[in-house]
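*Asks:* Attaching a single structure in C-alpha cells format; questions to follow.
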Amino acid sequence: MRENWGRVVAFTGAGISAEAGIPTFRGENGLWRRYRPEELATPQAFRRDPRRVWSWYRWRMSLIAGAEPTRAHRILAEWERKGLLLGVVTQNVDGLHQRAGSRRVIELHGSIWRVRCTKCGSRFDLGFGNVPEEELPRCALCGGLLRPDVVWFGEQVSTDSFLEAQELFSRAEVVLSIGTSGAVMPASMLPIDAVERGKILVEVNPEETNLSSLAAVRLRGPSGRILGELASLVEEDSSWR
Ligand code: APR
C-alpha cells in the first residue's frame, strides 16, 4: 500500500458514524429493523404522509445535530490534508465528513442538511444542525412543500454525483471501504467496478459484508480503532512525507 499513498479513495457508509451515536440501517439496532423504509424513505411515502416523513427526518436531524465527527472521520480529513487521500465518496447524508474537515466529499445519497422544493425545485442549504421547526416546511420562494434533499428508495442517484465519484475512483489505486454493508446499488457498484479494474479493496468493518469477498484486506473492527492503528502505521512510515 506504501507506494499507493495519495491514491486512496475512501468509500463510507453508516458504520463510520455509528461511534457518534448515529444508528446504522441494517445492524441489529439498525433503523430498518425498527422502521419500514417504504413508509419513511420513498417518494410515495412522502406523498401519502409528508407530516410523518418530516417528523422522522426532524428526529434524525436532531440526533445528528448533537453528534460530533468520529475519530475515523477526523483521520480521513487529516489524510486528505496530508495528500494521502484523494477524497471521500459517502453514502451518508449526515455531513460529519465535512464537519471533521474533509473537503473533497461526494454525497451520493444527498444531504439531510439540504431541502428541495417539491413545486419549483429550488434547493436550500439549512446548515449543519439547523433542524426545521415547522412540521411541514415551506419554500420561501413559491410556498411549495419542501422535502429532504436525499435519495430515497426508488429514486436515482444524481448523475453529476455519480460521475464525480467515478472520476475519483478512476484516480485511485486503493479503495478504503469503511462502515458499509455494500447492500445498496448503484453506490456499491463503485468498489465492485474498482476491483474488476484491478484496484485494491481494503474493508474496515466489524462484520462480513457484501463486499468482503472482493476485499484484498479485511480489517475487522470498529472504524475508530482500525483507522487509529492505520494512522500510527502512516506516522511511522516516513516514506510518504
Ligand atoms: N465501524 C465500522 N463499521 C461499522 C461500525 C463501526 N463502529 N458499526 C457498524 N458498522 C458496519 C456494520 O457492520 C454494517 O456493515 O456498518 C455497516 C452499516 O451498514 P448499513 O446499515 O447497511 O449502512 P450503509 O451500508 O451505509 O447503507 C447504505 O442504504 O438505506 C440506505 O441510504 C441508505 O445510505 C444508506 C444505504
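*Asks:* Scan the range 167-198 for residues that are away from the ligand (no atom under 16 Å from the Cβ), surrounded by fewer than 21 Cβ atoms within 10 Å (Cβ to Cβ) and assigned to a loop (DSSP other than H, G, I, E, B) and jot them down.
*Replies:* Of everything in the range 167-198, those that are away from the ligand (no atom under 16 Å from the Cβ), surrounded by fewer than 21 Cβ atoms within 10 Å (Cβ to Cβ) and assigned to a loop (DSSP other than H, G, I, E, B) turn out to be Glu173, Arg197, Gly198.
*Asks:* Those residues that are within 11 Å of the ligand (Cβ to nearest atom) and either open to solvent by 20 Å² or more (accessible area, probe 1.4 Å) or out of contact with any Asp or Glu (no Cβ under 9 Å at 6 or more places or on another chain) (or both), I need them from the range 204-217; list them, please.
*Replies:* Val204, Asn205, Pro206, Glu207, Glu208, Thr209, Asn210
*Asks:* Checking the structure you have, find out if any residue of the range 34-52 is touching a residue at least 60 places away in the same chain (Cβ under 8 Å), assigned to a strand (DSSP E or B) and open to solvent by less than 30 Å² (accessible area, probe 1.4 Å).
*Replies:* no
*Asks:* Right, here's the next one. Give the number of residues within the range 100-141 that are aromatic (Phe, Trp, Tyr) and either closer than 28 Å to Ala183 by Cα or touching a helix residue (DSSP H, G or I) at 6+ places or on another chain (Cβ under 9 Å) (or both).
*Replies:* Total meeting the criteria: 2.
*Asks:* Let me ask something else. Residues Arg114, Arg71: which one is of a type in the set (Lys, Arg), within 16 Å of the ligand (Cβ to nearest atom) and within 28 Å of Leu211 (Cα to Cα)?
*Replies:* It is Arg71.
*Asks:* Tell me, please, whether a residue that is without any contact (Cβ under 8 Å) to a residue 40 or more places away in the chain and β-branched (Val, Ile, Thr) can be found in the range 99-106.
*Replies:* Yes, the range 99-106 contains at least one residue that is without any contact (Cβ under 8 Å) to a residue 40 or more places away in the chain and β-branched (Val, Ile, Thr).
*Asks:* If you check every pair at least six apart or on different chains, which have Cβ atoms under 7 Å apart with a residue in the range 150-168 that is closer than 20 Å to Glu80 by Cβ first and a residue that is part of a loop (DSSP other than H, G, I, E, B) second?
*Replies:* Here the result reads Ser161/Leu108; Ala165/Leu108, each pair linking the range 150-168 to a residue that is part of a loop (DSSP other than H, G, I, E, B).
*Asks:* If you don't mind, another one. Of Leu146, Leu201, Leu233, which residue is exposed (fewer than 12 other Cβ atoms within 10 Å of the Cβ) and free of Cβ contacts under 8 Å to residues at least 40 places away in the same chain?
*Replies:* Going through Leu146, Leu201, Leu233 in turn, the sole match is Leu233.
*Asks:* Continuing with this model, one more query. Of the residues that make up the range 17-33, is at least one charged (D, E, K, R), within 15 Å of the ligand (Cβ to nearest atom), loosely packed, with under 13 Cβ neighbours inside 10 Å and not in a loop (DSSP other than H, G, I, E, B)?
*Replies:* Within the range 17-33, one or more residues are charged (D, E, K, R), within 15 Å of the ligand (Cβ to nearest atom), loosely packed, with under 13 Cβ neighbours inside 10 Å and not in a loop (DSSP other than H, G, I, E, B).
*Asks:* Select from the range 6-16 the residues that are within 18 Å of Glu78 (Cβ to Cβ) and open to solvent by 10 Å² or more (accessible area, probe 1.4 Å) and list them in ascending order.
*Replies:* Gly6, Arg7
The values are calculated or read from the model by the stated rules, or taken from the named source; none is laboratory data. The shown structure was predicted, so the numbers you read here are calculated from the model rather than taken from an experiment. Glycine also receives a Cβ, built like all others from the backbone with ideal geometry; neighbour counts cover every protein chain displayed. The accessibility values were calculated without ligands, DNA or RNA, using every heavy atom of the protein model including side chains. Shrake-Rupley method; radii C 1.70, N 1.55, O 1.52, S 1.80 Å.
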